[in-house]
1. Across segment 125-136, in residue order, what do the Karplus-derived ³J(HN,Hα) couplings come to in whole Hz, using 6.51 cos²θ - 1.76 cosθ + 1.60 with θ = phi - 60° and x for Gly and Pro?
2. Could you list Arg132, Arg113, Arg65 in order of exposure, starting from the residue whose Cβ has the fewest other Cβ atoms within 10 Å?
3. Within segment 95-122, find all residues whose amide N lies under 12 Å from a label point positioned 7 Å from the Cα of Thr88 along Cα-to-beta-carbon.
4. How large is Rg/Rh for segment 27-132, to two decimals, with Cα atoms and a Kirkwood Rh?
5. Name the residues of segment 71-93 whose amide N is less than 19 Å from a point 7 angstrom out from the Cα of Thr58 along the C-beta direction?
Amino acid sequence: MTRNTTTMLAVLALTAGLSAQKKADSGLSGTWNMGLEAGHVIPVALVLKQDSDALTGTISMPTQRAGQTVDVPLKGTVSNGAFTLSGTVEGAKDPTTIEIKGKLNDEGILEGRVAMSGTSGPHGDMAYTAERLKERK
């Protein structure tokens, strides 16, 4: 191999490694189309940003009024391929805490459970799946 070829291969390997590291660090980042399974599927928007093992985002939860949603800020962590997020719906008579647990499966789909509770007790525990929306160019 010539010196130029060796240098070029080294640069390509380094670039691929940095790209893989960036993807691993932001593996859950993006906008997700979540389907809550509650007798029927409830579509919900989930936006996540992963920074190493820290995870933040928002979930747009439907309200009691048809067609209206409330954006709930979320904070959580990623560990050993699983994540946990939580947030609170403020401003209601009974503030509701949302806890989301899940993992990214081999097909690139999030799956897990969403539990909701308030001062009056549990409001529900639902399974979900979520698919990442493709970024627009």
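Throughout, read-outs are computed from the coordinates displayed, never taken from laboratory work. Predicted, not measured: the structure shown is a model, and the values here were computed from it. Counting neighbours? That spans all protein chains shown, and the Cβs are built from the backbone with ideal geometry, glycine included.
1. 9, 10, 7, 8, 9, 8, 10, 6, 7, 6, 6, 7
2. Arg65, Arg113, Arg132
3. The answer is 95-98, 118-119.
4. 0.95
5. 71-76, 85-92
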